[in-house]
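Q: If you scroll down you'll find the structure; I have some questions about it.
None of the figures in this text is laboratory data; all of them are computed from the coordinates on show. In this text the structure is predicted, and so the values were computed from the model without any measurement. Methodologically, a virtual Cβ is constructed for each residue, glycine included, from the backbone with ideal geometry; neighbour enumeration extends over all protein chains shown.
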């Protein structure tokens, strides 16, 4: 065997080992998907379709997001499949761009709320004592005020920009994430392997990241889906009330408000963005229900 061949053997073994590490989880995920119920496949299909539309929105939309292309409230036609809005903008284009804006902001807000609430919840679970009490009482105060009313008040004070919208909703929604992560984290924090890590002198961040987080992932992932639905609906509600995503940015909640007058004339156009909101919410809940069933250890008896 030549020197080059001898050197290639360890590289080939390393590549094969890494491929086998990925092949196992992927094969397990595929087996789980094959056994998934129709509702889960429906939810995954809808979510996948929405994501595709959000990513390639400029390729699908026939006009610009805020481009005025016709008269006010034109009827459905070949040129305007869903008509035009109160300014003469194509509603099909607005729906397509609304998917990108509404879903993108909702995902970003949910991720930020989980980063904040999850980290503080695990911190309270590991440290306990006065830190746990202080964080718990702060969360209780924030949760005592209805979230939508609190968000409306804060947006009225600081202004309804996208930055303020994301930060305010993320902070308010992180209180729910804190309660869950603290509850499930405390069940793990008292186990022997966590105590052993503390005795070894492992740092707090390492214990939270390597000992607690992997053991609470199933309920946290399920909660992420539910939190996304609540954040998505909150953003849409705020936009409907005029304090969410601001024009000319396309948003499904504001589109319902802008075209609501058409309902008086028997036109179902305002129901299109409302239906898009409802369909995505139902789809995410179908996937979350299936995931909870898969990770809870429950199985059908047939």
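Q: Residue 67 to residue 209: extension gain in nm, 0.36 nm per residue of separation minus the Cα-Cα distance? Display every interim value, and only then the final one.
A: On the way: separation 142, 0.36 × 142 = 51.12 nm, distance 4.73 nm.
Stretched fully, the residue 67-residue 209 segment lengthens by 46.4 nm.
Q: Give the separation of the Cα centroids, the stretch 34-108 to the stretch 126-189, in Å.
A: Rounded to whole Å, the Cα centres lie 32 Å apart.
Q: Does anyone have the angle between helix 38-55 and the longest principal axis of the chain? Alpha-carbon axes, 0 to 90°, nearest 10?
A: Orientation of helix 38-55: about 70 degrees from the principal axis.
Q: So what is the relative contact order of the stretch 147-302, in percent, for Cα pairs below 8 Å that sit 6 or more residues apart? Please report the intermediate quantities before stating the final value.
A: On the way: 116 pairs, mean separation 34.1, N = 156.
It comes to 22 percent, rounded to a whole number.
Q: Further question: How far is helix 129-144 tilted, in degrees, relative to the longest principal axis of the Cα atoms in the chain, given as a value from 0 to 90 rounded to the nearest 10?
A: Rounded to the nearest ten degrees, it is 20.
Q: What is the angle, in °, between the Cα long axis of helix 91-127 and the longest principal axis of the Cα atoms in the chain? Nearest 10 is fine, range 0 to 90.
A: That helix lies at roughly 30 degrees to the long axis.
Q: At what distance in nm do the modelled label points of residue 261 and residue 79 sit from each other, each positioned 7 Å from its Cα along Cα→Cβ?
A: Reported label-point gap for residue 261 and residue 79 is 2.2 nm.
Q: Another question about this same structure. Can you give the FRET efficiency to the nearest 0.05 for residue 162 and residue 199, using r as the Cβ-Cβ distance and R₀ = 41 Å? All intermediate terms of the calculation are to be shown ahead of the outcome.
A: Working: r = 47 Å, r/R0 = 1.14.
Efficiency at R0 = 41 Å is approximately 0.30.
Q: Percent relative contact order of the stretch 78-180, based on C-alpha pairs within less than 8 angstrom and at least six residues apart?
A: Values: 69 pairs, mean separation 36.5, N = 103.
In percent, rounded to a whole number, it is 35.
Q: Which whole-number percentage describes the relative contact order of the chain, with Cα contacts under 8 Å and a sequence gap of 6 or more? Numbers along the way, then the final one.
A: Values: 347 pairs, mean separation 66.8, N = 302.
Dividing the mean separation by the residue count of the chain yields 22 percent.
Q: Another question, then. How would you classify the chain from its alpha-carbon gyration tensor, with a ≥ b ≥ c the square roots of the eigenvalues: rounded for a/c under 1.5, else prolate if a/b is greater than b/c, otherwise oblate?
A: Details: a/c = 2.24, a/b = 1.43, b/c = 1.57.
Since a/c reaches 1.5 but b/c is at least a/b, the shape of the chain is classed as oblate.
Q: Please sort 129-141, 42-54 by packing, taking for each peptide the average over its residues of neighbouring beta carbons within 10 angstrom, highest first. Intermediate values should be presented prior to the final figure.
A: Values: 129-141: 12.7, 42-54: 16.1.
Result, highest mean first: 42-54, 129-141.
Q: Using the per-residue mean of other Cβ atoms lying within 10 Å as a proxy for protection, in what order, highest first, do the peptides 282-292, 156-166 fall?
A: On the way: 282-292: 18.9, 156-166: 14.5.
My ranking of the peptides, most packed first, is 282-292, 156-166.
Q: Given the peptides 236-247, 267-278, 192-203, arrange them by the average over their residues of other C-beta atoms within 10 Å, most packed first. Walk me through the intermediate numbers first.
A: Values: 236-247: 20.1, 267-278: 17.9, 192-203: 11.3.
Descending packing order for the listed peptides: 236-247, 267-278, 192-203.
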